[in-house]
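Engineer: This is the structure I want to talk about, given as structure tokens.
The values are calculated or read from the model by the stated rules, or taken from the named source; none is laboratory data. This is a predicted model, so every value here is computed, not measured. Cβ sites come from the backbone with ideal geometry, for glycine too, and all protein chains shown count toward neighbours. With ligands, DNA and RNA removed, areas are computed over all heavy atoms of the protein, side chains included. Shrake-Rupley method; radii C 1.70, N 1.55, O 1.52, S 1.80 Å.
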Amino acid sequence: MSKNWASTLKLPKSTFPPRPLAHNRERYIKQCADEFYEWQSQNRPSDGTYLLHDGPPYANGELHAGHALNKILKDIILRVKVQQGRRVNYVPGWDCHGLPIELKAVDAAEGRKMSPGAIRKAARRLASKTVLKQMKSFRTYAVMADWDRRWTTMDKEYEVEQLRLFQRMASSGLIYRKYKPVYWSPSSGTALAEAELEYNEDHVSRAAYVRFPIAGDISCLPGMPESTKLYALIWTTTPWTLPANRAIAVRNDLDYHVVQMGKDAILVADGCLERLSKMLFGEAESPEILCTVKGNQLTSLKYRNPLQGIDSLPRHLIHADFVTADSGSGLVHCAPGHGFDDYLACSALGISGIAPVDNDGRFTEEAFPDAPERLKGLSVLENGGAAVLDILGGDVLNVHEYRHKYPYDWRTKQPIIIRATAQWFADVGSIKEQALTALEEVQFVPETGKNRLEAFVKGRSEWCISRQRAWGVPIPALYNTQGEAAINDEVINHIISVIGERGMDAWWNDDPHDPAWVPASLGDPAQYTRGADTMDVWFDSGSSWAQIDRQADLYLEGSDQHRGWFQSSLLTRVAAKVGQNPTSSTTTLGLSPFKTLITHGFTLDKAGKKMSKSLGNIISADQVMDGSLLPPLKVKKKGGDGKPVADALGPDALRLWVAGSDYTRDIVLGEPVLMSIHQSLIKYRTIIKMLTGSMHDSARTSSLTALDHIALVQLKTVMAEVATHYENHEFNKAISAINHWIVNDLSAFYLEALKDRLYCADGGGILEPIFMGFLRMLAPITPVLVTEAWDHRPAWLQQDSSVLHPLKQLYSSPLIESSRLTFDEAEIHEAVPIIRSTHDAIKAAAEEARGNKWLGSMLQSSVVLKVENPAAFEVLHKYKDELDAIFVVSSVEINVEVPGDVEWKVVKEFEFGTAVALPPRQCKCPRCWRYVAESEDKLCGRCESVVGEGVD
């Protein structure tokens with residue numbers, strides 16, 4: 001008679017839901033982020049606190065997936081440190097000054113009419129709102145931090161500390177003001193640093209070949225007819241700079257030809273003549289060379305620039321090392337007010353430069369003194385160059401389009417110019433060696449980051465730190481009526497004291513001649529006014545290290561910050577520290593602001609394209625969390641409103657995407673990647689549901705089998721591997737190790753083998769240690785999932801107050817009492833490969849039998865093992881009483897005769913012998929389904945002892 005045995009089984013019972021419930025998300029995030037950060041700050045030791053210093057995000061817009069990548073990487077590292085027993089310190093910051101915020105707060109055209117005070121008020125309002133909005137979003141990622149102590153670069157205390165840092169650098173002679181060419185953005189109306197540029201590889205310029213008449217004595221040129229008029233031929237891609245021309249450069253060791261051109265002659269370098277012949281002389285005509293001289297013979301010549309007026313003095317031909325014959329004519333037009341190389345070459349000879357261009361990139365009246373109206377007001381980047389060439393008329397021999405790499409303002413995406421203005425600079429050349437030495441003590445992840453940062457430091461000698469904007473920290477300088485700056489300790493101290501009384505805005509809002517800002521030592525305050533320049537925002541954020549009392553353990557930002565925040569932080573700290581103690585060793589620990597520097601790549605769409613607003617491919621973190629990028633769930637229940645239901649897995653999906661990616665490179669985010677992430681999360685949830693529903697308190701005292709010991713060894717091994725990857729910041733490798741363990745060791749091996757004991761026998765096993773170990777491994781990556789799992793732990797575990805929340809447990813603390821271990825761990829380690837190899841062979845045999853429809857379940861088979869390898873035989877024989885349970889078959893025999901009269905047989909060879917799968921020899925137990933009963937419908941001996949007789 002058939003009986004119902006289901007009620008006698010210990011089937012899983014769990015309240016853990018298959019998908020996270022949206023109404024619980026906020027509570028779980030609060031527990032695993034805000035409350036957990038507070039807990040660790042009180043319960044982890046204060047000595048050895050791990051300090052992560054935040055690279056401040058810019059407070060001017062919505063967050064995107066790249067922001068999430070950054071914040072979550074930081075959070076993972078901090079959680080790993082807490083697991084290791086350390087207290088962590090993480091105070092988030094925001095970069096709040098600068099042009100983008102100013103432009104977003106006020107319309108560009110309207111801003112020209114507004115007072116600096118009004119602009120600052122609008123910018124502060126925008127930045128303040130954005131900080132709160134971004135912070136709210138960051139917290140939805142389950143990022144733990146000391147949010148209440150957040151800092152911004154517009155905080156009064158921060159700004160004053162920044163002024164003090166500037167003061168220390170000025171006192172050390174590292175700050176100076178100079179009239180020299182700088183990158184200038186007409187679209188932004190301010191000077192820019194190299195770090196604020198991006199380069200357009202396809203910029204098209206209107207290039208021209210222009211001749212200038214040689215004036216005066218040309219006796220240095222042998223054989224020149226006295227009646228021939230000689231010209232110097234130059235090539236320029238920026239004709240608008242010709243009004244600022246102050247010299248023509250040649251190279252001393254190059255050969256130059258005097259070439260007949262009609263009634264006149266031109267100077268051309270030997271290496272350029274063949275290239276220019278077709279353009280200058282046409283196809284048929286071959287140029288006539290009148291004479292050839294070395295470049296050093298030309299430096300006695302002078303020429304006139306028609307653009308500089310009829311009364312202008314002749315200009316010199318000079319030598320310059322940068323001249324080559326690779327392009328142009330071999331003679332280079334030099335405008336020291338519009339070129340860095342030109343400035344250096346001319347300055348060495350006492351030749352000063354001019355830049356007749358205003359802040360908006362338009363010509364001033366000095367551009368063409370003879371007829372100022374012809375150029376004044378024209379944009380040099382638009383029609384100014386063409387107007388210059390029109391004035392030169394017949395002296396323009398050729399005009400053509402030239403495609404080349406050109407610098408653009410990275411904020412406005414518009415081309416910039418090089419323009420000489422009076423700016424403030426930091427001398428970084430004199431501290432370059434100390435900065436490079438400081439990097440020798442830094443750990444870089446990836447290691448290539450060191451070369452990148454070193455390259456930026458090596459390539460920089462000056463840093464233009466002044467900007468012509470209202471929204472920022474002022475350069476604390478007072479100017480007399482001659483335009484000379486007063487900037488010393490006394491002046492800066494006095495300015496800081498007034499700011500302390502009146503606030504930073506008073507610098508702009510007070511009357512320009514307010515005497516309160518002028519220290520008595522300067523004399524008549526009426527002779528001084530406050531400057532209008534502000535500091536570069538990289539100086540702002542680069543000063544942030546001054547807010548903390550020691551060297552940070554970690555800086556972590558995107559790879560673009562090698563030329564930005566990483567570099568500015570390093571240079572300002574080295575400048576301040578070396579300035580305080582010039583005789584100190586350059587290898588003093590702490591000269592660098594960071595001990596470890598980690599950089600991550602950028603986010604790409606599924607096609608591998610960089611995300612940008614212009615392409616419309618930006619993905620927000622919210623889209624990842626709410627599941628809107630994936631196909632909706634298939635709703636099984638009837639009824640409802642028929643609307644699709646998004647597969648929203650919350651911040652765990654976002655965090656697992658971050659952790660599972662190789663962040664040292666650019667990271668792809670799109671539907672295919674997210675599908676894989678979701679599959680992993682669903683697998684985790686399935687495992688957790690099984691564990692929470694199957695753990696029994698009786699298992700704490702039950703005996704451990706060989707299978708349990710194998711599972712413990714496998715758990716210990718994977719946890720050690722994951723710990724190593726966490727320590728090395730290789731989170732994607734940690735995730736791979738976890739997933740491999742779940743699929744190969746936990747699901748396909750231990751849990752499959754344990755089900756019979758778990759459901760039909762004593763309910764023993766090591767599910768609780770596995771549950772704890774699994775959650776510890778997941779804790780840094782998916783803390784919301786871990787908190788949710790803990791919330792659904794069995795009632796008996798909830799009542800055990802001695803067990804800490806997995807987030808609070810030390811990663812290395814024991815998972816099981818050592819007194820319960822009855823097998824030697826080393827022997828288990830040696831046995832595992834043999835057992836797993838045998839297991840795989842038996843499974844393969846069963847799969848073949850299943851394909852032939854000889855069996856359904858593996859329990860419908862018995863196995864004979866033929867093992868000749870002595871070591872393998874010893875292992876398998878040692879555990880022979882458990883092999884049927886380990887391999888999930890009804891019986892296992894070793895080295896016995898294989899029956900010949902069987903319905904079916906499958907033979908599989910493996911590394912240590914042969915596995916033969918056969919039909920079972922006994923009958924199916926109706927309760928446990930093993931084929932170990934003496935007759936049909938009769939319980940096996942084990943089940944009888946468990947349930948007794950008379951069960952309905």
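Engineer: Within region 118-131, identify whether any single residue is more than 22 Å from the chain's Cα centre (by Cα), of a type in the set (Val, Ile, Thr) and modelled with pLDDT under 95, and answer yes or no.
Structural biologist: So in region 118-131, the residues more than 22 Å from the chain's Cα centre (by Cα) come out as 118-129.
With of a type in the set (Val, Ile, Thr) added as a condition, the list becomes 119.
Next cut, modelled with pLDDT under 95 only: 119.
Yes, some residue in region 118-131 is more than 22 Å from the chain's Cα centre (by Cα), of a type in the set (Val, Ile, Thr) and modelled with pLDDT under 95.
Engineer: Given the conditions (1) surrounded by fewer than 23 Cβ atoms within 10 Å (Cβ to Cβ); (2) in a helix (DSSP H, G or I); (3) not aliphatic (A, V, I, L, M), and given that Gly764 satisfies all but one, which numbered condition is not satisfied?
Structural biologist: (2)
Engineer: Going by the conditions given, is Leu69 part of a loop (DSSP other than H, G, I, E, B), of a type outside the set (S, T, N, Q), under 17 Å from the mean Cα position of the chain (by Cα) and farther than 13 Å from Ala142 by Cβ? Steps first, answer last, please.
Structural biologist: Numbers: part of a loop (DSSP other than H, G, I, E, B): no; of a type outside the set (S, T, N, Q): yes; under 17 Å from the mean Cα position of the chain (by Cα): yes; farther than 13 Å from Ala142 by Cβ: yes.
No; evaluated as a whole, the condition is false for this residue.
Engineer: Follow-up question, since we're still on this one. Test Val250 against the criterion of being crowded, with 24+ Cβ neighbours inside 10 Å, in contact with a helix residue (DSSP H, G or I) (Cβ under 7 Å, 6 or more places away or on another chain) and over 22 Å from Leu344 (Cβ atoms), and give yes or no.
Structural biologist: no
Engineer: Which condition does Trp235 not pass, out of (1) in a strand (DSSP E or B); (2) under 50 Å from the mean Cα position of the chain (by Cα); (3) crowded, with 22+ Cβ neighbours inside 10 Å, if it passes all the others?
Structural biologist: (3)
Engineer: Quick check on my filter: what residues within region 906-952 are loosely packed, with under 14 Cβ neighbours inside 10 Å and either within 60 Å of the chain's Cα centre (by Cα) or under 27 Å from Val867 (Cα atoms) (or both)?
Structural biologist: Those that are loosely packed, with under 14 Cβ neighbours inside 10 Å and either within 60 Å of the chain's Cα centre (by Cα) or under 27 Å from Val867 (Cα atoms) (or both): Glu909, Glu911, Arg921.
Engineer: Out of Leu674, Leu715, Leu681, Leu691, I need the residue that is under 25 Å from Ser801 (Cβ atoms) and under 33 Å from the mean Cα position of the chain (by Cα). Which one?
Structural biologist: On the way: Leu674 fails: under 25 Å from Ser801 (Cβ atoms); Leu681 fails: under 25 Å from Ser801 (Cβ atoms); Leu691 fails: under 33 Å from the mean Cα position of the chain (by Cα).
That would be Leu715, the only listed residue that is under 25 Å from Ser801 (Cβ atoms) and under 33 Å from the mean Cα position of the chain (by Cα).
Engineer: Which residue is most open to solvent (accessible area, probe 1.4 Å), if the candidates are limited to region 517-529 and must be farther than 14 Å from Ala477 by Cα and not in a loop (DSSP other than H, G, I, E, B)?
Structural biologist: My answer is Ala520.
Engineer: Looking at region 221-237 only, could you name the residues that are in contact (Cβ under 8 Å) with a residue 40 or more places away in the chain and out of contact with any strand residue (DSSP E or B) (no Cβ under 7 Å at 6 or more places or on another chain)? First the steps, then the outcome.
Structural biologist: The initial filter retains those residues of region 221-237 that are in contact (Cβ under 8 Å) with a residue 40 or more places away in the chain, namely 221-225, 228, 231-237.
Of everything in region 221-237, just one residue is in contact (Cβ under 8 Å) with a residue 40 or more places away in the chain and out of contact with any strand residue (DSSP E or B) (no Cβ under 7 Å at 6 or more places or on another chain), namely Pro225.
Engineer: Any chance region 201-208 includes a residue that's closer than 30 Å to His562 by Cα and charged (D, E, K, R)?
Structural biologist: Among the residues of region 201-208, at least one is closer than 30 Å to His562 by Cα and charged (D, E, K, R), which makes the answer yes.
Engineer: Which of the residues that make up region 711-764 are touching a Ser or Thr at 6+ places or on another chain (Cβ under 7 Å) and modelled with pLDDT under 95?
Structural biologist: Leu758, Asp762, Gly763, Gly764 - these are the residues of region 711-764 that are touching a Ser or Thr at 6+ places or on another chain (Cβ under 7 Å) and modelled with pLDDT under 95.
Engineer: Sort out which residues of region 145-169 are assigned to a loop (DSSP other than H, G, I, E, B) and either touching a residue at least 60 places away in the same chain (Cβ under 8 Å) or touching a His at 6+ places or on another chain (Cβ under 9 Å) (or both), and write them in order of number.
Structural biologist: Ala145, Asp146, Thr153, Met154, listed by residue number.
Engineer: May I pose another question? Could you grab me the full set of residues in region 19-46 that are open to solvent by less than 70 Å² (accessible area, probe 1.4 Å) and of a type in the set (Asp, Glu)?
Structural biologist: Asp34, the sole residue that qualifies.
Engineer: Still on this structure, please answer the following. Out of the residues in region 173-197 that are in contact with a Phe, Trp or Tyr (Cβ under 7 Å, 6 or more places away or on another chain) and at pLDDT 90 or above, state the one that is farthest from Leu397 (Cα to Cα).
Structural biologist: Ile175
Engineer: If you don't mind, there's one more thing I want to ask. Hey, any hits in region 139-153 for a residue that's of a type in the set (A, V, I, L, M, F, W, C) and within 30 Å of Pro476 (Cβ to Cβ)?
Structural biologist: Initial filter on region 139-153 (of a type in the set (A, V, I, L, M, F, W, C)): 142-145, 147, 151.
Retained after the next criterion (residues that are within 30 Å of Pro476 (Cβ to Cβ)): 151.
For region 139-153, residues of a type in the set (A, V, I, L, M, F, W, C) and within 30 Å of Pro476 (Cβ to Cβ): present.
Engineer: Of everything in region 441-460, what is open to solvent by 40 Å² or more (accessible area, probe 1.4 Å), closer than 26 Å to Phe340 by Cα and at pLDDT 90 or above? Give them in sequence order.
Structural biologist: Asn451, Arg452, Ala455, Phe456, Lys458
Engineer: Listed residues Arg362, Arg315; which is crowded, with 17+ Cβ neighbours inside 10 Å, of a type in the set (Lys, Arg) and in contact with a Phe, Trp or Tyr (Cβ under 7 Å, 6 or more places away or on another chain)?
Structural biologist: Arg315
Engineer: Report whether or not Ile499 is touching an Asp or Glu at 6+ places or on another chain (Cβ under 7 Å), surrounded by 16 or more Cβ atoms within 10 Å (Cβ to Cβ) and in contact (Cβ under 8 Å) with a residue 60 or more places away in the chain.
Structural biologist: Details: touching an Asp or Glu at 6+ places or on another chain (Cβ under 7 Å): no; surrounded by 16 or more Cβ atoms within 10 Å (Cβ to Cβ): yes; in contact (Cβ under 8 Å) with a residue 60 or more places away in the chain: yes.
Judged against the criteria, Ile499 is not a match.
Engineer: Give the residue that is modelled with the highest pLDDT, with candidates limited to residues of region 6-18 that are hydrophobic (A, V, I, L, M, F, W, C) and either open to solvent by less than 70 Å² (accessible area, probe 1.4 Å) or in a helix (DSSP H, G or I) (or both).
Structural biologist: Here the residue is Phe16.
Engineer: When you scan region 483-497, do you find a residue that is closer than 24 Å to Tyr176 by Cα, hydrophobic (A, V, I, L, M, F, W, C) and under 37 Å from the mean Cα position of the chain (by Cα), even just one?
Structural biologist: Yes, because at least one residue in region 483-497 is closer than 24 Å to Tyr176 by Cα, hydrophobic (A, V, I, L, M, F, W, C) and under 37 Å from the mean Cα position of the chain (by Cα).
Engineer: Can you tell me which residue within region 715-757, out of those that are under 19 Å from Lys683 (Cα atoms) and polar (S, T, N, Q), is most open to solvent (accessible area, probe 1.4 Å)?
Structural biologist: Ser736
Engineer: Which is on the phi < 0 side of the Ramachandran plot, within 28 Å of the chain's Cα centre (by Cα) and either among the small types (Gly, Ala, Ser) or assigned to a helix (DSSP H, G or I) (or both), of Val743, Val722?
Structural biologist: So the residue among Val743, Val722 that is on the phi < 0 side of the Ramachandran plot, within 28 Å of the chain's Cα centre (by Cα) and either among the small types (Gly, Ala, Ser) or assigned to a helix (DSSP H, G or I) (or both) is Val722.
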